[in-house]
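One structure below.
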């Protein structure tokens, strides 16, 4: 008797879910802001929307900005998004913090995005969040960087994991401040996400 690995099980689940969906699916891009950090500039929202629609079979709806009083913590933002229907990606200009495990010690670090991956405990991802923090100017490079982050985080929502291939959108070290950006998916992630890709 053969045993199905956790990754194979996830791939099968993603494929089944995609087969039952009618493309293009809808993704809401929700700008959130607080007293210290203003809403994300429209140019950044447009760039993230264009990158998602160019890469995935999705229709992105840019929402009106909403005030957010919670912590600028990846999981807190995802919890804020969890009550909404459909797929939601928050865009924020504040730094986003996430816990990172180093052996037995857990540290907090700033990240450019944060997202749920479907798993046994949470089949429906709460959503994803991207930040423009660190992108000081609205330039072609900065908007392209945010687009790559958006592609990466929505990939997580579709079931993709972080990748070691530096050229893959799912690489876990997207250096937005140094312009080291991927230009596509590795073959493993193409095979995983093919039903979502244009």
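Values in this text are rule-based calculations from the coordinates and carry no lab data. Please read these numbers as outputs of a predicted model, since none were measured by experiment. Every residue, glycine as well, gets a Cβ built from its backbone with ideal geometry; the counts of neighbours run over all protein chains shown.
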With the label point 7 Å along the Cα-to-beta-carbon line of residue 26 and a cut-off under 11 Å to each amide N, the hits in region 142-162 are none
Once the mean of 1/r over all distinct C-alpha pairs in region 117-198 is inverted, the Kirkwood radius in Å reads 13.3 Å
Between the modelled labels at residue 122 and residue 138 (7 Å from Cα along Cα→Cβ) the distance in nm is 3.1 nm
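What ranking of 143, 131 emerges when the number of other C-beta atoms within 10 Å of each C-beta is taken as an exposure proxy, fewest first?
Values: 143 21, 131 28.
Placing the least packed residue first, the sequence is 143, 131.
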With the label point 7 Å along the Cα-to-beta-carbon line of residue 34 and a cut-off under 16 Å to each amide N, the hits in region 132-176 are 132-134
Here the gain from full extension of residue 42 to residue 166, 0.36 nm per residue of separation minus their alpha-carbon distance, amounts to 41.7 nm
